[in-house]
């Protein structure tokens, strides 16, 4: 394709990006994901189990999650709204699935969290930055960069869409059900730590992360796009090292109760 009008929230509002420039953007994002992946093995992202005051001022965890996750939901809507492809049925299906995930992560998941823990504002800011960049990757490809005929009307019956859709839904189910298991590990007032069991926790200690990774692998398949692949890569780059930290934490806390021969970190039977 040649130049396309691509609104990606710059000061001038409407910016031009070519397909070539977009591909460079994806390559840069993939390279940064690799750096993040390696770095996070040496640094604990200071939220949740690994909260650390050294990360600076903090906000309520629920508020933090809404602030961090909702921008990508809104950005994707704006990218759709200002696209001349907003009536395309196939692209609307992609939008629906993408936003379905972020409705859950932005407006459902935070308010089902128990306790009154906090999240560093620095983590929130980093999350917002990546989420907006991700909206540019996914919304940019779907609504602006992809060729007009890349997703024909019968794409919804294409084996790639069907397979990706099933993988996406399975991943979403694993993610949500695993979060439920974690949420119900202890009753109100109980401060002890427990080893999650049941569901995919029979195979990995971070089953919720596994589910989220599976979701975005499914999205990459159903959109059959490099932008989807880069997002799946980013998901693993962010969650893989954290799953390793959680695994080691459980080893130190629960010892032989964690069957390390059977239970892996984030990828069943592999890692």
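What the table shows:
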read-out: Residue 58 closer than 25 Å to residue 136 by Cβ and modelled with pLDDT under 95; value: no
read-out: Pairs with Cβ under 7 Å, 6+ apart, first in region 122-133 and at positive phi and touching a residue at least 12 places away in the same chain (Cβ under 8 Å), second outside any helix (DSSP H, G or I) and crowded, with 20+ Cβ neighbours inside 10 Å; value: none
read-out: Any chance residue 62 is surrounded by fewer than 19 Cβ atoms within 10 Å (Cβ to Cβ) and touching a helix residue (DSSP H, G or I) at 6+ places or on another chain (Cβ under 6 Å); value: yes
read-out: Test: residue in region 244-257 that is touching a helix residue (DSSP H, G or I) at 6+ places or on another chain (Cβ under 6 Å) and either on the phi < 0 side of the Ramachandran plot or crowded, with 17+ Cβ neighbours inside 10 Å (or both); value: no
read-out: Hits in region 258-271 - residues which are touching a residue at least 24 places away in the same chain (Cβ under 8 Å) and part of a loop (DSSP other than H, G, I, E, B); value: 258, 262, 263, 265, 266, 267, 268, 269, 271
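The values are calculated or read from the model by the stated rules, or taken from the named source; none is laboratory data. Not measured: the values here are computed from a predicted model. In this analysis, Cβ positions are derived from the backbone assuming ideal geometry, glycine residues included, and neighbour counts consider all displayed protein chains.
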